[in-house]
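Student: The following block contains the structure, expressed as structure tokens.
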Amino acid sequence: MKIGFLEYACGGDILAASPIAKRLRELYPDADITWICFDSFRDYIKNNQYVSSYIAWPLVPGYGRQQQEVQRWNEIKYYAYENFDKVVIPQYWPDHIADWGRDPKETLTDLMVEYAGIGPVEDRRIVYDCDPTDEIKANRFVADNELWDGNGKFICVAPNANSVGKLLKASDYNYLKKYLGNTKVVFFGTKNDEPLEFGINGLGTSIGVMYALFKRSRGFIGLASAPAIMYTNLELPMVVLENPQTFDLHKIRLTTRGMRTKDITELIIDPTDIEGLFEKIAKGVNLV
């Protein structure tokens, strides 16, 4: 059987859907499972041992993410239904749930797999690991920046400043400095993000090297985006920052994506008390 798996347009959603690929392999052990994603997200899939192959769908030059989805979605679906015996589309956004006449506060992952028709997914840990070359690059990064003294002496910050209305400015993180002591900060993000005024700039780091560095760190601060979802596979403290307007939705997404919510300090951003917020953040990653 040839199975087409369509989760393609967001790194966090691809990671969150990775346990479903494992479930598909359990149900169809001999199937040829092909994951289709946008070309820019191929690195999120390439080490998923439950997938036979992947197709990196080309992007439309000059288009943003939403434009890409509109332009490419129909042609991806058409290709999938023409070339595979079974097509699984693990979508789970609230507008889809509303279409089904369901309460968005229901367990989104259950609805997602119900929609995909593949039954319950008991193990929701993400399926991802980095390459040996990523480990080597991470070791070099740690050595060059003196981030190791027998234990990780740095925390990772990935606020994804361009999303959810830019919750915190890069300058706001200056409040974190007084809690750091000998702990260093490595800042991750895209080339469009604003770097912190202190710490080590990790902007543009590949997803594999980022994950390898996460494994060597002592904590994480960030939004409920792809880096946070990756970090949930590690038994390390993390703080998830959220906007009051989207907190309820993202909390649901956190709890249904395999994230270790019992180990996560979830904070609603209070822009009127930034200093107090960073005191809570420092406690959340065991700096105080």
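Bear in mind these aren't lab numbers, they're just calculated from the coordinates by the rules spelled out. Since the structure is predicted, the reported quantities are computational estimates derived from the model, not experimental observations. Every residue, glycine as well, gets a Cβ built from its backbone with ideal geometry; the counts of neighbours run over all protein chains shown.
Student: Determine the sum of side-chain charges near K2: Lys and Arg each +1, Asp and Glu each -1, restricted to other residues whose C-beta is under 12 angstrom from that of K2.
Tutor: -3
Student: Can you order the peptides 40-49, 79-88 by their average number of other Cβ atoms within 10 Å per residue, highest first? Working shown, then result.
Tutor: Details: 40-49: 18.8, 79-88: 16.0.
Descending mean neighbour count gives 40-49, 79-88.
Student: I'd like the FRET efficiency for N74 and D32, computed as 1/(1 + (r/R0)^6) with the beta carbon distance as r and R0 of 25 Å, rounded to 0.05. It would help to have the intermediate numbers written out before the result.
Tutor: Numbers: r = 24 Å, r/R0 = 0.95.
Efficiency at R0 = 25 Å is approximately 0.55.
Student: Further, regarding this structure: Just list whichever of K169/K215; K22/K77; K178/K215; K22/K153; K46/K153; K215/K283 have alpha carbons separated by over 32 Å in the model shown. Can you show the working numbers first?
Tutor: Values: K169/K215 26 Å; K22/K77 22 Å; K178/K215 25 Å; K22/K153 34 Å; K46/K153 30 Å; K215/K283 20 Å.
Table pairs above 32 Å Cα-Cα are K22/K153.
Student: Between S206 and T272, how high is the FRET efficiency from 1/(1 + (r/R0)^6) when r is the Cβ-Cβ distance and R₀ = 25 Å? Nearest 0.05. Don't skip to the end; give the middle numbers.
Tutor: Details: r = 37 Å, r/R0 = 1.49.
Taking R0 as 25 Å, the efficiency between S206 and T272 is 0.10.
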